[in-house]
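We did not get these values from a lab; they are worked out from the coordinates using the rules stated. Because the structure is a prediction, the values reported are computed rather than measured. A quick note on method: Cβ atoms are made from the backbone with ideal geometry, for glycine too, and the neighbour counts reach across all protein chains shown.
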Amino acid sequence: MSYDNELYQQVILDHNRNPKNFREIKNATHHCHGINPLCGDDMTVYMEVDSEQGVIRDISFVGTGCAISKASSSMMTAYLKGRSLEESRVIFDEFHKMVLGELDPEKQEHHLGKLKLFRGIRDYPSRTKCASLAWHTMIGALDKKTEEISTE
Amino acid sequence: MPDSNTGLATKSALDIEKVRQDFPVLSQTVHGKPLVYLDNAATTHKPQCVIERVREFDAEQYGTVRRGSYKMSEQATLLYEEARQKVADFVGAPDRKEIVFTSGTTQAINLVAYSYGRKFVNAGDEIIISNIEHHANIVPWQVLCEEKGARLRVIPVNDDGELIMEEYEKLLNEKTRLVAVNHISNALGTINPVKEIIRKGHDAGAKVLIDGAQSSPHMKIDVKDLDCDFYTFSGHKMYAPSGIGGVYGKMDLWESMGPYVTGGDMILQVTLEKTTYAKPPARFEAGTPPITQVIGLGTAIDYITEIGLDNIFEYEMSLLDYATRLLGEIDGLRIIGNAREKASIISFVLDVAHPHDVSSMLDQDGIAVRGGHHCAQPTMIRFGVPATTRASMAFYNKYEELDALAESIRKVIKLFS
């Protein structure tokens, strides 16, 4: 393939084809609906949070979107499951900064692990919201936002 | 070339290579590939004559209009009104004063919704739109209906994206004040039977607005023959600068309407107690207008008139036929909108890739198409898709570019499968 950009790497294509945690959580303690009005991406993030321990026991998503948004959601859920709420907020902040080009995972300290493969998104400003929708929605769920989360 | 099979290229009265030389942007490369620009329903590029005329006007002839009593202003006013005459001739308006300049179609429809709608639409009245409108021809009417306690009614479409005319007839009644439909759907390409829509609307006693944003660049318009009450258009979709467009309206309607935006230049006389308004079109053009853009619009009209809208339409139809056949041969691709009467717009979805991924991938091959809902979400909902990829063609496109489009789509399918 001649597409040698960072946007559609094999990992992203794989997660798009077979997304992880693509399901509803019955009796979720937290959930939130997020939309990207620019392109119509629409998803709901479900979480089962152990509030005593401050840990995400389970996290999942359902919805429609492009490969970037689906892969980002899939990888987010896989990465955050079992993590503390505190850690998760730090990772959200770092991820958000990375896709906006404000944090370079090659040069700065971070806790993003393999999520750093979304670094290339910063070169495609029209697509950053595809990558960050799931993350904003996850934070909306944690904050118990009852209104829809929008990337706009 | 496939041209030799179809004979399409030889039939055209246009010399496409010569036409393409008129558009400097078309010789650009994107990501190292020749630009294939297929987003003409969103906005079009400018021919050298428009670029040059705008530069020349700003450099040598610019001045305020309808104000100064010095040479520069008088000359600019003359040229500004000349451009209005060109627009009037272009759409077949009997009187240039029936053309009001706006920033584009969106503002044009808002002007009618505000000035005509707020005066003549009352509680219990009805406004009819269609299921395949651009948001610019939905939201102003929704807001008006909400404010006035009027009812918005919608003409449904069949699975090919054609308006169901029997249903339209059923919607019309003595409460119908206004019918507002597009001439061509920006999302599907459907050419609506506007003459029939207008006649039936009039029979029911309603006024009819035609959103001509997509039709004015591609087919000959004759507002007199159509007998529409309002016809709106955007300059940037017809090879003119952005920020200029307008609306044709019948003079008796303009005269019955109050202003939309108020301020300078739309008045007859102002005292601190009371203001009387200028006659149309000035009544609806408050403030200093986009003068240079109007001049550019006039030149764009000269350009497409010289090429000939009949030639343009005929050639674009052959591009549409060619693209429809090429894309139709691709497994896993579904065209959304298969109206019998269609303009050179193809919306499609792929089984394996989302429209945003498709447009990002095609961009890597230098191909500019639009992925999204095209500001027509009710159309997307009707066809059960969140978005589509849309290739919209203009007379400067060529068959080879459509070959490149098809090839690039096949690459996307292969990568995403």
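Loop-located chymotrypsin sites (Phe, Trp or Tyr not before Pro) across region A:75-121 with a Cβ neighbour count of 13 or fewer within 10 Å are lacking, with loop assigned by DSSP.
Evaluated with a Cβ-only charge set (Lys, Arg +1; Asp, Glu -1), region B:304-381 carries a dipole of roughly 300 debye about its Cα centre, given to the nearest 20.
Between B:Val54, B:Val294, B:Val247, find the one with the highest GNM mean-square fluctuation for chain B; connect C-alpha pairs within less than 10 Å. In this elastic network of chain B, the residue with the biggest mean-square fluctuation among B:Val54, B:Val294, B:Val247 is B:Val54. Among beta bridges from DSSP that stay inside region B:51-306, the antiparallel ones total about 45%. Over the protein assembly as shown, the ratio between the Cα radius of gyration and 2.2 N^0.38 Å evaluates to 1.07. Express as a percent, rounded to the nearest 5, the fraction of DSSP beta bridges in chain A (both residues included) that run antiparallel. Around 85 percent antiparallel, to the nearest 5. Seen against the Cα atoms of chain B and their longest principal axis, helix B:291-307 is set at about 50 degrees. Placing +1 on the Cβ of every Lys and Arg and -1 on the Cβ of every Asp and Glu, with nothing else charged, gives the protein assembly as shown a dipole about its Cα centre of roughly 640 debye. Of all DSSP beta bridges confined to the protein assembly as shown, the antiparallel ones make up roughly 65%. From the alpha carbon centroid of region B:52-94 to that of region B:263-323 is 11 Å.
Helical content of chain A, expressed as a calculated mean residue ellipticity at 222 nm, amounts to -11000 deg cm²/dmol (DSSP H runs of 4 or more residues, -39,500 (n - 2.57) each, divided by residue number, nearest 500).
Between the listed residues B:Asn131, B:Cys49, B:Gln21, the Cα displaced farthest toward the positive end of the dipole of chain B, a dipole computed from Cβ unit charges relative to the Cα centre, is found at B:Asn131. Exposed loop sites are taken as trypsin sites (Lys or Arg not before Pro) in a DSSP loop (any state but H, G, I, E or B) with at most 14 other beta carbon atoms within 10 Å; the longest stretch of chain B without one runs B:68-273. Projected label points at B:Asn173 and A:Glu147, each 7 Å from Cα along the beta carbon direction, are separated by 3.7 nanometres.
Basic side chains Lys and Arg get +1 at the Cβ, acidic Asp and Glu get -1 at the Cβ, and with that the dipole of region B:51-306 about its Cα centre reaches some 720 debye.
Ellipticity at 222 nm from helices only: DSSP H runs of n ≥ 4 in chain B, each -39500 (n - 2.57), divided by the residue count, give -11500 deg cm²/dmol. Taking other C-beta atoms within 10 Å as the exposure proxy, B:His31, B:His236 rank B:His31, B:His236 from fewest upward. Using a Gaussian network model of chain A in which every pair of alpha carbons under 10 angstrom is joined by a spring, one finds that among A:His110, A:His30, A:His96 the greatest mean-square fluctuation is at A:His110.
Between B:Leu272 and B:Val30, the simple spin-label model (points 7 angstrom out along Cα→Cβ) gives 5.7 nm. Sorted ascending by nearby beta carbons within 10 Å, beginning with the fewest, B:Phe23, B:Phe395 become B:Phe23, B:Phe395. With a Förster radius of 25 Å applied to the C-beta separation of B:Arg325 and B:Lys220, the computed FRET efficiency comes to 0.45. Note on chain B: with a GNM built from Cα contacts shorter than 10 Å, the maximum mean-square fluctuation among B:Gly249, B:Gly92, B:Gly235 falls on B:Gly92. Distance between the 7 Å Cα→Cβ label points at B:Tyr62 and B:Lys279: 3.2 nm. Each of A:Ile56, B:Gly235, B:Leu319 was placed along the dipole of the protein assembly as shown (beta-carbon charges, centred on the mean Cα), and the one lying farthest toward the positive end is A:Ile56. Between the alpha-carbon centres of region A:46-75 and region B:11-49 there is a gap of 45 Å.
Just report the Cα centroid separation between region B:141-181 and region B:329-376, whole Å. Cα centroid of region B:141-181 versus Cα centroid of region B:329-376: 28 Å apart. Pop the C-beta distance of B:Lys195 and B:Asp160 into the FRET formula with R0 = 25 Å and round what comes out to the nearest 0.05. Result of the calculation: an efficiency of 0.80. The GluC sites (Glu not before Pro) found in region B:211-287 that occupy coil by DSSP, while having at most 11 further C-beta atoms within 10 Å, are B:Glu273.
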